[in-house]
Each structure stands twice: as structure tokens, then as C-alpha cells.
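Structure record follows, encoded as C-alpha cells.
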Amino acid sequence: MREEKSLGSDLPLGKCRPIETALSECRYQLTGDEIEEYRSLGRDAAAAIENVARTVHPGQTEREIARKAVDALAGCEASAIVMLVAADQRLQRFRHSVPTGQRWEKVAMIVGCARRRGLIVSLTRIVAVGALPDDLRKRTQAAATVNANLLAATRPGYSGAQLYNVAKSSYASTGYAGEEHLHHQGACGYRTRDWVAHPGSSQTVRAKQAFAWNPSITGTKVEETCIAFEDRIETITSSLTWPKIVIAIEGEVYSFPDVLSR
């Protein structure tokens with residue numbers, strides 16, 4: 001008698017058995033060539049988004065800013081699979097802000113997920129006109145502190161549940177308890193998020209796996225893409241020319257994008 005065998009698929013196709021999760025796990029650990037490609041994409045995407053943030057001017061709409069950012073990424077052969085822009089009061093209301101016709105006046109946030117050759121980086125940049133409001137500075141510093149604590153804990157073997165608890169305690173210690181409920185955090189690579197950290201998450205960090213922690217506090221967000229190695233974490237979307245928030249934890253120094261004041 002011929003043995004009946006089933007087919008597996010990463011898509012829900014007929015009688016095929018869904019095995020997308022199993023397939024995804026096979027690509028969590030990046031190869032040497034993938035890491036080099038990822039680093040290159042990170043540099044190019046950061047340069048593209050930051051150039052837009054430096055050149056947009058008050059009075060432009062969120063849609064106009066988004067279009068400039070999409071075009072800038074296309075210029076380095078990357079596709080913007082996510083492009084979000086929030087200006088002024090909309091930044092206070094929405095973390096994932098679909099661009100509208102609202103015109104930017106004081107503060108604008110640009111969020112991009114750029115894909116090239118399958119790999120995806122995520123990053124956020126915020127630009128302000130004139131002196132930085134004290135509350136925005138305080139909240140951005142707090143979000144960076146949450147991110148620093150997450151990076152310090154992103155080591156092979158740590159579970160998503162453990163990392164969620166790191167974020168939760170970090171939000172509380174910076175004075176913003178409960179904000180962890182308002183945004184997702186997690187691993188990335190060939191998807192914007194392969195898995196997200198939550199109280200029941202059993203997924204664990206692997207060496208040479210990518211992450212895009214994006215802690216947000218109402219009105220601001222700090223987001224970079226990084227790669228976790230056995231003994232260190234490498235941010236691949238940072239640049240030398242963007243203002244930084246530098247935080248030291250147990251002898252390790254982490255830097256994050258500050259708000260650009262123009």
C-alpha cells in the first residue's frame with residue numbers, strides 16, 4: 001500500500017499543511033552574506049530617511065513627506081513596504097500614523113520599513129522646528145532608556161516573555177508604566193516582525209538574528225534595527241551624522257536617534 005504523504009506550504013493552499021512557522025525559523029539566523037547585505041541596507045535606508053528629515057520644510061503635508069521618503073528609498077533600490085508620517089497633534093494621537101493631508105508645522109515623525117533583496121530594516125526619525133519642547137525631550141530620553149534595556153537583554157537564549165518583562169519594567173521605571181501595552185516589539189529579518197514579545201511568548205533570541213525594538217511613549221518613538229550576536233548587539237541603521245542619545249548599561253554603551261532640531 002502506498003503511504004499517504006501531505007504537502008506543506010507557507011500559504012493556506014487547499015489540503016496543504018501550513019508550515020509557515022517552521023519555515024520562518026529556518027531563516028532566523030542570518031548567514032554571513034545576509035549580514036553584510038543587511039548592514040548595507042541599514043546604512044542606505046538611514047541615509048535616505050535622514051536626508052528627507054533634513055530637507056522637508058514646514059507647510060508640507062504628511063503625504064508629501066511620505067512620498068519624498070518613498071522616493072529616497074527607491075533611489076537606493078529599496079522598497080518602502082511601510083511608510084508612516086505623523087505631524088504635530090497627530091503624533092500625539094497615533095503611533096502608526098497613515099499619512100494624511102495635514103501640514104507639518106512643528107514636529108514630524110517619519111517611520112520606514114525598507115526592503116531590499118528580501119531583507120527588511122525598520123527605523124524612525126523625528127524632526128522638530130526650533131527649540132525642542134522639554135516634554136518631547138523627556139519622553140524621547142525615556143523611550144531610548146527602554147530601548148537600551150531591551151538591547152542589553154537581547155542575548156541568545158532569552159525568551160520573548162523575558163524581553164517583554166524587561167520592556168514593562170523599563171517603562172515603569174522611567175515613569176511611563178503601561179505604555180508597553182500600546183505598541184509591539186520583536187524580531188525581524190525577512191518580515192517586518194517575525195515574532196513579537198508578549199507575556200506568553202516562548203520564542204527565544206538566536207545568535208545572528210535581527211530585531212527592531214521600537215519602544216514608543218505617547219508623542220515619540222525610538223526605533224532602530226539591530227543584529228544580536230553571541231556577545232554583542234550591533235545596530236545597523238544608525239549614522240554618525242544624526243543627533244544621538246547615549247546610554248550606558250553595565251559597561252556597555254548604546255546610542256539611539258534623538259529628535260533633530262532644525
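The values are calculated or read from the model by the stated rules, or taken from the named source; none is laboratory data. Values in this document were obtained by computation on a predicted structure and should not be read as measured data. Quick reminder, even Gly has a Cβ in these numbers, built from the backbone with ideal geometry, and neighbours come from all protein chains shown.
Structure notes:
- Summed over the range 65-112, the residues that are in contact with a Leu (Cβ under 9 Å, 6 or more places away or on another chain) and basic (Lys, Arg) give a count of 1.
- Test result for residue 113, at negative phi, over 16 Å from the mean Cα position of the chain (by Cα) and either not polar (S, T, N, Q) or not in a helix (DSSP H, G or I) (or both): no
- Residue match in the range 3-26 (condition: modelled with pLDDT of 85 or more and basic (Lys, Arg)): no
- Selection of the range 197-231 for residues being among the charged types (D, E, K, R) and touching a strand residue (DSSP E or B) at 6+ places or on another chain (Cβ under 6 Å) yields 221, 223, 224.
- Some residue of the range 193-200 being assigned to a helix (DSSP H, G or I) and over 16 Å from the mean Cα position of the chain (by Cα): no
- Condition broken by residue 136, with the remaining ones in (1) assigned to a helix (DSSP H, G or I); (2) crowded, with 21+ Cβ neighbours inside 10 Å satisfied: (2)
- Among the residues listed as 228, 212, 197, the single one being hydrophobic (A, V, I, L, M, F, W, C), surrounded by 16 or more Cβ atoms within 10 Å (Cβ to Cβ) and closer than 24 Å to residue 87 by Cβ: 212
- Residue satisfying condition, being in contact with a strand residue (DSSP E or B) (Cβ under 8 Å, 6 or more places away or on another chain), of a type outside the set (A, V, I, L, M, F, W, C) and at pLDDT 95 or above, within set 173, 169, 159: 159
Residues are listed down the side, and each one gets a yes or a no for (1) touching a residue at least 40 places away in the same chain (Cβ under 8 Å); (2) under 16 Å from the mean Cα position of the chain (by Cα):
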{"position": "32", "(1), (2)": "no, no"}
{"position": "54", "(1), (2)": "yes, no"}
{"position": "99", "(1), (2)": "no, no"}
{"position": "117", "(1), (2)": "yes, no"}
{"position": "122", "(1), (2)": "yes, yes"}
{"position": "127", "(1), (2)": "yes, no"}
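- Yes/no for residue 164 being in contact with a strand residue (DSSP E or B) (Cβ under 9 Å, 6 or more places away or on another chain), surrounded by 18 or more Cβ atoms within 10 Å (Cβ to Cβ) and at pLDDT 95 or above: yes
- Candidates in the range 231-252 are the residues that are touching a helix residue (DSSP H, G or I) at 6+ places or on another chain (Cβ under 6 Å) and part of a strand (DSSP E or B); of these, the one that is surrounded by the fewest Cβ atoms within 10 Å (Cβ to Cβ) is 249.
- Of the criteria (1) part of a loop (DSSP other than H, G, I, E, B); (2) without any contact (Cβ under 8 Å) to a residue 40 or more places away in the chain; (3) polar (S, T, N, Q), which one residue 255 fails: (1)
- Test: residue in the range 37-54 that is hydrophobic (A, V, I, L, M, F, W, C), at pLDDT 95 or above and in a loop (DSSP other than H, G, I, E, B): no
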